[in-house]
Each structure stands twice: as C-alpha cells, then as structure tokens.
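Nothing in this text is a laboratory measurement; each read-out follows from the coordinates by a stated rule. As the structure is a computational prediction, the values presented were derived from the model and not from experiment. Please note: Cβ atoms are built from the backbone with ideal geometry, for glycine as well, and neighbour counts cover all protein chains shown.
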Amino acid sequence: MPLRIGVDVLSIERIRMATERRGERFLQRAFTVNEVRECLSSSNPYPCLAGKFAAKEAVYKALQRAPVSGLRWREIEILTEEERPNVKLNGKMAEDSFKKGIGEICVSITHDMRSGTAIAVALAEHPEDRNLGLSIGKRGGVY
C-alpha cells in the first residue's frame, strides 16, 4: 500500500510568542475551537498548541499539497481520542485527500521543553473502497 510521510518540528516559544502577540486572532486562524479548548485545559497550553500545529504541518506535507495562498489551517483538525491524536480533514483538504486516494492518516506527536514534533503517515486506500464516501479511517481522515 503506497504511503506518504510528513514531518515537522516547531518551537514552543514561537507558538507562545504568536499567541501572546496576536491572541485570539492567531488561535482562531490556526486552530479549531475544539483544538483550542483541548489545549487550554492544560496549565501550560503551549506544548499542546505547538504539537498540534506541527501535526497540521506534517499532515500538509504528507498530502504533498502545493503551496497555496490562503491555506486554511482549521481544515486540518488534530484532537486527542483514546489518548492518541486523531486527524480530521474538512473542506478543500478533505476533497484533495479523497481525490488523491488517501485512505487513512495517522499522526504521532511528541514534545520536550523546547519543541513540538509530529510525523504524519498518509496511507492510500484500496480502489474498491472508493464507494465508501469520505470517511477514511478510525484513527484519522476525512469525514
């Protein structure tokens, strides 16, 4: 089964500065309401935000998207389910993923004191599964 891989590393300090500098405006452009709620439930939300943003970048790279102006980061949602990150694509990202035959997207996120790191693996679906619509997997995908 063909796969595509994306990796990203992001400074926690960079996310902290962007959040402090741009506040709600930054959070609303980069994250979904559920992502912000999940991260703000922590006493230190910045590692969570950095990890989620790194995961969004990794997913973007795994999907091999050409750079586009007006990329909507909220079209990639990273939420924790059963103690694991789960990918949900919406809008143009979901359409493009379906057209490329992506069957599942798995992500792994880690962080230390300085950075958040994520890897995304996009797996191609079997052609005969195409008639199942846009739902592409339990651990992540297009809904």
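Would you kindly state how much longer the chain becomes between L79 and M17 on full extension, computed as 0.36 nm times their sequence separation minus their alpha carbon distance, in nm to one decimal? All intermediate terms of the calculation are to be shown ahead of the outcome.
Details: separation 62, 0.36 × 62 = 22.32 nm, distance 2.26 nm.
Contour length minus Cα-Cα distance gives 20.1 nm.
Put in order of Cβ neighbour count within 10 Å, fewest first, the listed residues I78, I109 become I109, I78.
Hey, fewest Cβ within 10 Å first, where do F26, F31 land in order?
Values: F26 16, F31 22.
Going from least to most buried by this count: F26, F31.
Label zone (R114, point 7 Å along Cα-to-C-beta; backbone nitrogen cut-off 17 Å) within the range 43-60: 47, 50-51.
Full extension of the chain between A124 and E95 gives 9.0 nm of extra length, using 0.36 nm per residue less the Cα-Cα distance.
Would you please state which residues of the range 90-124 a label at R72 would reach in this model, taking the label point 7 Å out along Cα→Cβ and a backbone N cut-off of under 19 Å? Those under the cut-off are 90-100.
What list do you get for D112, D96, D8 if you sort them by fewest beta carbons within 10 Å? Write out the running numbers ahead of the final one.
On the way: D112 9, D96 18, D8 22.
In order of increasing Cβ crowding within 10 Å: D112, D96, D8.
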